[in-house]
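Take a look at the structure set out below.
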């Protein structure tokens, strides 16, 4: 059995995912205009869907997202549905929707009116719909702009369910924001305009709020800017070690003049590890503590028929990831 592209073992609580998708044939189609368009679509769909973007990074041929998927409300009022539709549809399209509803109301067609609103509600608070809309809308924009047809993406998107603990979320968020550093595009992620850290440093309140959600302890009473500065110290300390980055064009500001905190050996190990490609960050089914992975595996077996296979739990190698495990799908030997 092919598992769903996003394994949500429960919809009764907020769940967090690391989402990735790559362009077909690994083509480097994302220039500045393409990245700007993609980020604009990402934010518009975030406002429409209710899926929360914690941080993100758009590279030349792929993207990474760290997102929270809240619990869908039992009922979303019609006026709220209209408000959210306005984030992703043009005024002319909205006027057409209004005419459609007026016609149905004139016919006293209550069932079709309710289905109209439900068709939008079903797309909200749903990760698959969120990523599908994002990729489809970008493909439509790109194809028109480049006079092409056909698919733009390599495959269905990948996603890892993450334990909502600071230890897991901080590592995945930093891994995402350090993508352009690993790629040799910049020496500091605050100089890369298409990642969440850059947006936060440059005053984007949504990006600052997203990064604030990574931290679970020790930030009570701190402002979002202070939390972003603390997060930046983690990233910058890795950047200081970097030797391969190039000075890209920079639309950023200095992230702050705060005095640098001393780097402990554990911090040093953590940052050096995040400077490398780590397959466990982008493969498998889930990432977190051993108890979280065990609970995940049990819930997965209860929800899906895994009689022909199961899940294995493996520790992420390296001192920086002690205590963090990944769940992967495994087939028994025959």
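Condition check for residue 330 on (1) modelled with pLDDT of 65 or more; (2) loosely packed, with under 15 Cβ neighbours inside 10 Å; (3) touching a strand residue (DSSP E or B) at 6+ places or on another chain (Cβ under 6 Å): one failure, at (1). Among the residues of segment 226-245, is there at least one that is crowded, with 21+ Cβ neighbours inside 10 Å and at pLDDT below 60? Yes: segment 226-245 contains one or more residues that are crowded, with 21+ Cβ neighbours inside 10 Å and at pLDDT below 60.
Within segment 176-187, the set of residues being modelled with pLDDT under 90 and either in contact with a strand residue (DSSP E or B) (Cβ under 9 Å, 6 or more places away or on another chain) or more than 20 Å from residue 22 (Cα to Cα) (or both) comprises just one member, 187. Residue 129 - would you say it is surrounded by fewer than 18 Cβ atoms within 10 Å (Cβ to Cβ), within 14 Å of the chain's Cα centre (by Cα) and touching a residue at least 40 places away in the same chain (Cβ under 8 Å)? Answer is yes for this residue.
Conditions tested, residue by residue: (1) within 27 Å of residue 322 (Cβ to Cβ); (2) touching a residue at least 12 places away in the same chain (Cβ under 8 Å); (3) assigned to a loop (DSSP other than H, G, I, E, B).
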{"position": "148", "(1), (2), (3)": "no, no, yes"}
{"position": "156", "(1), (2), (3)": "no, yes, yes"}
{"position": "159", "(1), (2), (3)": "yes, yes, no"}
{"position": "173", "(1), (2), (3)": "yes, yes, no"}
{"position": "184", "(1), (2), (3)": "no, yes, yes"}
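The number of residues in segment 54-73 that are touching a strand residue (DSSP E or B) at 6+ places or on another chain (Cβ under 7 Å), under 21 Å from residue 143 (Cα atoms) and outside any loop (DSSP other than H, G, I, E, B) comes to 2.
The residues in segment 16-49 that are more than 16 Å from residue 139 (Cβ to Cβ) and touching a helix residue (DSSP H, G or I) at 6+ places or on another chain (Cβ under 8 Å) can be counted, and the count is 9.
It is to be established whether one or more residues within segment 33-53 are within 27 Å of residue 117 (Cβ to Cβ), part of a strand (DSSP E or B) and either under 14 Å from the mean Cα position of the chain (by Cα) or modelled with pLDDT of 95 or more (or both). Yes, because at least one residue in segment 33-53 is within 27 Å of residue 117 (Cβ to Cβ), part of a strand (DSSP E or B) and either under 14 Å from the mean Cα position of the chain (by Cα) or modelled with pLDDT of 95 or more (or both).
The values are calculated or read from the model by the stated rules, or taken from the named source; none is laboratory data. Everything numeric here is computed off the predicted structure, so don't read it as measured data. Every residue, glycine as well, gets a Cβ built from its backbone with ideal geometry; the counts of neighbours run over all protein chains shown.
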